[in-house]
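S.K.: Could you have a look at this structure, given as structure tokens, before my questions?
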Amino acid sequence: MRHCFASASMLVCAALSLLAGPAFPPVGPEVWALHDSTTEGKGALVLEDHVKIHSRYAEFTQRIRILAPAGKGAAEFSGFDKDCYDIAGRTVLPDGQIIPFSRKDMATKTVAKVGYAEAERTVVVAPGVTDNCLVEIAWKQSKPYYDIQRMAFGQMERLTLSGPYPVQKVVVEIPKAFEWAWQVQTGGARKADRTEEGNFTVLTLEGLPGMDNPPYSVAGPRPACRIMLFPVPENLRYAASKGPDAYWNAVGRTILKDYFEQGIDKGRSYRNLLATLSAGLPEAPGPRAVELLKRLDGAIQNTTYPTYQEEALRSKKDEKAEIDPKDLDAAAERGRTTATGMMFLYWEMLKDLGLKPQVAMVVDRDRAVFDRKLLCWQQFNDLLIGVANPGGDTLWFDPSLRYAAPGVISQDYQGSTALAFDPQNWEAKAFHVPVQGSAVNQRRFDYTLDLGEDEDRFTLRASLTGLPEYGERRTFMALGQKEQNRALQDRLEQKFKGVTFTKAQVEHVVDPTQNVAWSVEGRIERDSGRRRTVDPFPANAWALWIPDRLDPVRKEPIVFPYASAFQEKSRFRIPKGYRLGAVPPYSQANAFGRVDWSMDLQEGDLCAVTVKVELSRPIAGASDYEAFKAFLGWVREACGRTLILERL
């Protein structure tokens, strides 16, 4: 079962003796009388999820009734945290057998995780679990709320109590004297009560439905049950009492205004750097802002994301030295600053060049969506810098992304609701972060095949732009050239088991003026015969991840990572003594995009096969599920096509 508290999903760590463990209630006959019909087909039901907040720690208790094989995953726990302790539990069987356990008794297991692609995650499993049992577990986690004074983005506790399995009852106890504010989202609970018991306020919610996690979805928009706990600074309390409009405008005029205007140090070195970087910039605001960020990224080291060479040359003195991100003069003089320092540098340079930048507070769509009524500015995760483009939309930039193409926006924020602030008055205005078009995120793969008698050889070159390019750059940036090549080859060898890779080369990782590219060479052994199958793209992932199965119906919105344009092209000569019949082209399109497969037979037995997949609409509602399934089916058909050669 997934259980999120703050940034952790499941808080589990080393246990103390079971003799000092929790006293679980007696298991009554009503527990064993439950049937799978109560689980919405999930195979398990959380009887109770109990959280008790203290000033220094939090207590967690779960009672999970497993009723079918499909529900055994409810006894898998992930997200270990070093601040957890006193974990203890028991597995109870219908015949009365009790299997007590601590953390050391829980086995480690690797399971599949579905999201944008199938990946693996590690979980720990309670012992003795069957398809008809009760699992009870309790633990504590250190949470010194009183010690957290520094204000920061994301500095809040978001306790998500909904999960894959339905929950019969949730109980949350919060001290009456708790210094942080808190708010509850009931998440579809059939019943919600609030009572006062001793020194605690007790929230009880009943009948939480299970939450689906289908492929190509994000967690933020799900109507989950959440408890949010957050500090409220003194300078915002009066505004909070006046409602959302007053509060969010006050956030701009206090939190953001101070953040961007207080303590900024600009001197001669900064002015010299600005003069150098601004020489010959385009006049139009949009191109001017793009070129400025490109030059700034090449001139100043972003120490948050060091390259291999920078890390190797870093002295012990450098390691101990603290970088003040607001000391822009020191950044210009030393040629380095942090990711936050890059944001301040860009912001000040835009202002000094008369471009009148804006700032936006954005939230990670896989964690939450902006809730205007939740008067907590810490619900946001990051900042973007905007420049108005006359005659067009505002262009948004993230200067913290080292060597990313200027204007590329993280997939975590695209399409989400955010707040923009104009420093002329620092008033808040809601807007939707742009969903960037497919032309921004391109992947092109060019193959040359040599079809031999006993083996096929190939070369492959990959060219990338936008978010795919930035992802590869981040993957390889901290590695030396040999390690980059080795990492690429290892990745491909793990994915394509039947291919032998003989060479791998990664290019331009630390060159901000060029996009990252890579190339590989390899071979595939094969058996000779009258017929031979040719895969035109033997070492390439498909344009999109295609799940093994999709549910017949869907309630969740459809969210691809980002819009993208994918093209792969393979050239080869048909071997002597073989023939290749004509293969009809394949072309399909709907609201999500377009899929094309084509083959061109030229003189001299030269053949070229091309696949193009354009995903132009990455976000859609559940009502578009049939079109979504059709689009994925077309991708499977086009990317999975092989050719048959026959002897003459």
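The values are calculated or read from the model by the stated rules, or taken from the named source; none is laboratory data. Keep in mind the model is a prediction, meaning the values are calculated, not measured. Methodologically, a virtual Cβ is constructed for each residue, glycine included, from the backbone with ideal geometry; neighbour enumeration extends over all protein chains shown. These area figures cover heavy atoms from the full protein model, side chains too; ligands, DNA and RNA do not enter into them. Shrake-Rupley method; radii C 1.70, N 1.55, O 1.52, S 1.80 Å.
S.K.: Is there any pair linking a residue in the range 145-167 that is basic (K, R) to one that is modelled with pLDDT of 65 or more and in a loop (DSSP other than H, G, I, E, B), with Cβ under 9 Å and at least six apart or on different chains, and which?
M.R.: R158/R367; R158/A368
S.K.: In the range 436-472, how many residues are under 30 Å from G577 (Cβ atoms) and part of a loop (DSSP other than H, G, I, E, B)?
M.R.: Total meeting the criteria: 3.
S.K.: Find all pairs meeting these conditions: Cβ atoms under 6 angstrom apart; at least six residues apart or on different chains; first residue within the range 596-616 and in contact (Cβ under 8 Å) with a residue 24 or more places away in the chain; second residue aromatic (F, W, Y) and surrounded by fewer than 17 Cβ atoms within 10 Å (Cβ to Cβ).
M.R.: So the pair list comes out as W597/Y586.
S.K.: Those residues that are touching a Phe, Trp or Tyr at 6+ places or on another chain (Cβ under 7 Å), open to solvent by 30 Å² or more (accessible area, probe 1.4 Å), modelled with pLDDT of 65 or more and not small (G, A, S), I need them from the range 140-170; list them, please.
M.R.: Of everything in the range 140-170, those that are touching a Phe, Trp or Tyr at 6+ places or on another chain (Cβ under 7 Å), open to solvent by 30 Å² or more (accessible area, probe 1.4 Å), modelled with pLDDT of 65 or more and not small (G, A, S) turn out to be K140, K143.
S.K.: Moving on to the next point. Has the range 223-241 got any residue that is among the β-branched types (V, I, T), under 22 Å from E157 (Cα atoms) and touching a Leu at 6+ places or on another chain (Cβ under 7 Å)?
M.R.: Step one: of the range 223-241, the residues among the β-branched types (V, I, T) are 227, 232.
If we keep only those that are under 22 Å from E157 (Cα atoms) as well, we get 227, 232.
Still in the list and also touching a Leu at 6+ places or on another chain (Cβ under 7 Å): 227.
Yes, some residue in the range 223-241 is among the β-branched types (V, I, T), under 22 Å from E157 (Cα atoms) and touching a Leu at 6+ places or on another chain (Cβ under 7 Å).
S.K.: Follow-up question, since we're still on this one. Of all residues being of a type in the set (K, R) and farther than 12 Å from V129 by Cβ in the range 66-107, which is nearest to the chain's Cα centre (by Cα)? Just the residue, please.
M.R.: K82
S.K.: Pairs needed: first member in the range 340-358, acidic (D, E); second member anywhere, surrounded by 18 or more Cβ atoms within 10 Å (Cβ to Cβ) and modelled with pLDDT of 95 or more; C-beta distance under 8 Å; at least 6 residues apart or different chains.
M.R.: That search, which allows pairs on different chains as well, returns E348/K266; E348/Y270; E348/L328; D352/L274.
S.K.: Go through the range 549-589 residue by residue and tally those that are among the aromatic types (F, W, Y) and within 28 Å of the chain's Cα centre (by Cα).
M.R.: So the count comes out to 3.
S.K.: Scan L273, L296, L292, L277 and give me the residue that is out of contact with any Lys or Arg (no Cβ under 6 Å at 6 or more places or on another chain), farther than 15 Å from R334 by Cα and crowded, with 19+ Cβ neighbours inside 10 Å.
M.R.: From the options L273, L296, L292, L277, the qualifying one is L292.
S.K.: To continue, here is another question. Out of the residues in the range 177-194 meeting the condition of being in a loop (DSSP other than H, G, I, E, B) and farther than 20 Å from L375 by Cβ, tell me which one is least open to solvent (accessible area, probe 1.4 Å).
M.R.: Step one: of the range 177-194, the residues in a loop (DSSP other than H, G, I, E, B) are 177-180, 186-190.
Within this subset, residues satisfying the condition of being farther than 20 Å from L375 by Cβ are 177, 188-190.
Working: A177: 91, G188: 54, A189: 24, R190: 197 Å².
Filtering first and then ranking leaves A189.
S.K.: Scan the range 430-440 residue by residue and report those that are touching an Asp or Glu at 6+ places or on another chain (Cβ under 9 Å) and either crowded, with 20+ Cβ neighbours inside 10 Å or without any contact (Cβ under 8 Å) to a residue 24 or more places away in the chain (or both).
M.R.: Residue satisfying the conditions is S438 alone.
S.K.: Under 6 Å by Cβ, and 6 or more places apart or on different chains, what pairs join a residue from the range 466-488 that is touching a residue at least 60 places away in the same chain (Cβ under 8 Å) with one that is open to solvent by 60 Å² or more (accessible area, probe 1.4 Å) and part of a helix (DSSP H, G or I)?
M.R.: Listed pairs, sorted by first residue: A478/Y308; L479/Y308; G480/Y308.
S.K.: Considering only the range 409-429, I want to know if a residue exists there that is touching a Phe, Trp or Tyr at 6+ places or on another chain (Cβ under 6 Å), assigned by TED's automatic domain parsing to the domain that holds A284, open to solvent by 20 Å² or more (accessible area, probe 1.4 Å) and farther than 14 Å from G252 by Cα.
M.R.: yes
S.K.: Then there is this: Going through the range 601-648 one residue at a time, which ones are modelled with pLDDT of 95 or more, open to solvent by 60 Å² or more (accessible area, probe 1.4 Å) and part of a strand (DSSP E or B)?
M.R.: Listed by number, the residues that qualify are K612, E614, I619.
S.K.: Evaluate the following for E333: is it within 24 Å of G280 (Cβ to Cβ), open to solvent by 40 Å² or more (accessible area, probe 1.4 Å), in a helix (DSSP H, G or I) and in contact (Cβ under 8 Å) with a residue 24 or more places away in the chain?
M.R.: Working: within 24 Å of G280 (Cβ to Cβ): yes; open to solvent by 40 Å² or more (accessible area, probe 1.4 Å): yes; in a helix (DSSP H, G or I): yes; in contact (Cβ under 8 Å) with a residue 24 or more places away in the chain: yes.
In short, yes.
S.K.: Assess whether K257 counts as being basic (K, R) and over 24 Å from Q378 (Cα atoms).
M.R.: Working: basic (K, R): yes; over 24 Å from Q378 (Cα atoms): no.
Answer is no for this residue.
S.K.: Got a sec? Which strands (runs of 3 or more DSSP E) wholly within the range 473-588 have at least 1 residues that are surrounded by 15 or more Cβ atoms within 10 Å (Cβ to Cβ) and of a type in the set (F, W, Y)?
M.R.: Strands (runs of 3 or more DSSP E) meeting the threshold: 500-507, 517-525, 564-573.
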